[in-house]
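Working notes for the structure below.
The values are calculated or read from the model by the stated rules, or taken from the named source; none is laboratory data. Quick caveat, the model's predicted, so the values are computed rather than measured. Cβ placement follows ideal geometry from the backbone for every residue including glycine, while neighbour counts extend to all protein chains displayed. What goes into the accessible areas is simple: the full protein's heavy atoms, side chains included, and nothing from ligands, DNA or RNA. Shrake-Rupley method; radii C 1.70, N 1.55, O 1.52, S 1.80 Å.
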Amino acid sequence: LLNSFSESLTAYVSFDEAKQKDRRVQVIGSIIRDDVRYDTDSLQLIFDVEDDDGQIMTVVYSGTMPGNFDQATKVVCKGKYTDGRFVADELLLKCPSKYQGES
């Protein structure tokens, strides 16, 4: 049971590490809003993310666009780097808290 659990964990890695790994990993970055594309026919979401070091990586996600994608500021992408882009099979969106005070 413990072995199955440890195999299901996905490590956070940098963009550079994601490009070198030959397995499923997760990366986190800020969504760059300038060029978000969603094809409703193929259900493919393509967007760029920027990490804390200023590196940019293209993410491709196949599936229904998450409902709160427009409000998200950061995204955790789980998947594998393939053919020059990160192919995500899961997205976890980080949205600003509605309870934060306005400045």
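Points to keep in mind about this one:
- Qualifying residue in region 42-49 (condition: loosely packed, with under 13 Cβ neighbours inside 10 Å and either more than 9 Å from the chain's Cα centre (by Cα) or closer than 14 Å to residue 29 by Cα (or both)): yes
- Filtering region 69-84 to residues that are outside any loop (DSSP other than H, G, I, E, B) and either among the small types (Gly, Ala, Ser) or closer than 15 Å to residue 31 by Cα (or both) leaves 69, 70, 71, 74, 75, 76, 77, 78, 79.
- In region 57-79, the residues that are within 21 Å of residue 18 (Cβ to Cβ) reach residues that are open to solvent by less than 10 Å² (accessible area, probe 1.4 Å) and outside any strand (DSSP E or B) with C-beta atoms within less than 8 angstrom, at least six apart or across chains, in these pairs: 57/15; 57/18; 66/72.
- Across region 56-97, the number of residues qualifying as closer than 18 Å to residue 10 by Cα, β-branched (Val, Ile, Thr) and open to solvent by 60 Å² or more (accessible area, probe 1.4 Å) comes to 1.
- When the test is whether a residue is over 17 Å from residue 80 (Cβ atoms), touching a residue at least 24 places away in the same chain (Cβ under 8 Å) and either within 12 Å of the chain's Cα centre (by Cα) or open to solvent by 60 Å² or more (accessible area, probe 1.4 Å) (or both), residue 53 passes it.
- Out of 82, 64, 58, one residue alone is under 21 Å from residue 95 (Cβ atoms) and of a type outside the set (A, V, I, L, M, F, W, C). It is 64.
- Index of the failed condition, residue 97 passing every other in (1) in a strand (DSSP E or B); (2) modelled with pLDDT under 95; (3) hydroxyl-bearing (Ser, Thr, Tyr): (1)
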